[in-house]
Amino acid sequence: MTSERRFYGWKLIFFLWLLDFLNIGFPLYGGAVINTYMLREISMSRSAFGLGFSILNFFAGTSSILVGASIVRWGIRQTFAIGSALLLAGALWLSLFASRPWHYWLGFGVLIATGINFGTIIPAATAVTRWFSRYRGRAMAVTLSASGVAGLFVSRLLNGVLTANGGNWRKGWTIVAGVSVLSSIIAFLL
């Protein structure tokens, strides 16, 4: 009796989609909403607030080298886990300690950005490339569509939660921390 192995690739796409949704939706799109509430409590100028997004973009780009090295050395699953751990550290930092502009720059600009990079596009695209040859474009499109869907839903969801809680932005970052724990569990299911 022969047993045929079922192709795992499409199941993998589901998990990659979910990881991309969680790891970019909550910290980046949700973070943009949370940060506007945070701006009301932490005294900083609009340029200091905007600098947080500039730092985020810088670290999202420059940490790509480390993400690639992590994939080669430890694999995709561990790279996603590192991303989740960095997102957890950044979200907890912002939730528990942020009270000055530099706290925001470190938490959002450095830790969250690097965590997003380790936990989204690069490892997901690498996994799709390794698993698919015939339907690679379709698989990549489905996987990366998660960030667009996340942008549509997560910002509204977190804004509703924050509005219902009187603008408690620390609770928003606590939610992001919880989501990062969930994403680390999903990473180990890959």
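The values are calculated or read from the model by the stated rules, or taken from the named source; none is laboratory data. Here the structure is a predicted model, which means the values were calculated and not measured. Cβ placement follows ideal geometry from the backbone for every residue including glycine, while neighbour counts extend to all protein chains displayed. Calculation scope for accessible area: heavy atoms of the full protein, side chains included, ligands and nucleic acids excluded. Shrake-Rupley method; radii C 1.70, N 1.55, O 1.52, S 1.80 Å.
Each row is one residue, and each column tells you yes or no for (1) surrounded by fewer than 23 Cβ atoms within 10 Å (Cβ to Cβ); (2) modelled with pLDDT under 95.
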residue: ILE71; (1), (2): yes, no
residue: PHE97; (1), (2): yes, no
residue: PRO101; (1), (2): yes, no
residue: THR114; (1), (2): no, no
residue: ASN117; (1), (2): no, no
residue: THR126; (1), (2): yes, no
residue: PHE132; (1), (2): yes, yes
residue: TYR135; (1), (2): yes, yes
*What is the residue count in region 16-47 for residues that are over 19 Å from ARG170 (Cα atoms) and either in contact (Cβ under 8 Å) with a residue 60 or more places away in the chain or buried (at least 16 other Cβ atoms within 10 Å of the Cβ) (or both)?*
6
*Report, ordered by the first and then the second residue, all pairs with beta carbons closer than 9 Å, sequence separation of six or more or different chains, a first member in region 113-126 that is over 17 Å from PHE14 (Cβ atoms), and a second member that is not in a helix (DSSP H, G or I).*
ALA113/SER63; THR114/SER63; ASN117/SER63; PHE118/SER63
*Kindly list the number of the only condition in (1) exposed (fewer than 15 other Cβ atoms within 10 Å of the Cβ); (2) within 24 Å of PHE7 (Cα to Cα); (3) modelled with pLDDT of 95 or more; (4) not aromatic (Phe, Trp, Tyr) that fails for THR163.*
(2)
*Residue check: is GLY90 under 22 Å from GLU41 (Cβ atoms) and surrounded by 15 or more Cβ atoms within 10 Å (Cβ to Cβ)?*
yes
*From the list LEU66, LEU106, LEU51, pick out the single residue that is open to solvent by 40 Å² or more (accessible area, probe 1.4 Å) and under 17 Å from ALA124 (Cβ atoms).*
LEU66
*Could you grab me the full set of residues in region 147-167 that are more than 12 Å from LEU28 (Cβ to Cβ) and in contact (Cβ under 8 Å) with a residue 12 or more places away in the chain?*
VAL149, PHE153, LEU157, ASN159, VAL161, LEU162, GLY167
*Look at region 108-134 and say how many of its residues are farther than 20 Å from SER64 by Cβ and part of a helix (DSSP H, G or I).*
1
_So, in region 137-160, exactly how many residues are touching a helix residue (DSSP H, G or I) at 6+ places or on another chain (Cβ under 9 Å), of a type in the set (A, V, I, L, M) and open to solvent by 40 Å² or more (accessible area, probe 1.4 Å)?_
6
*Matching residues in region 1-47 - criterion: being more than 22 Å from MET140 (Cα to Cα) and of a type in the set (Phe, Trp, Tyr)*: TYR37
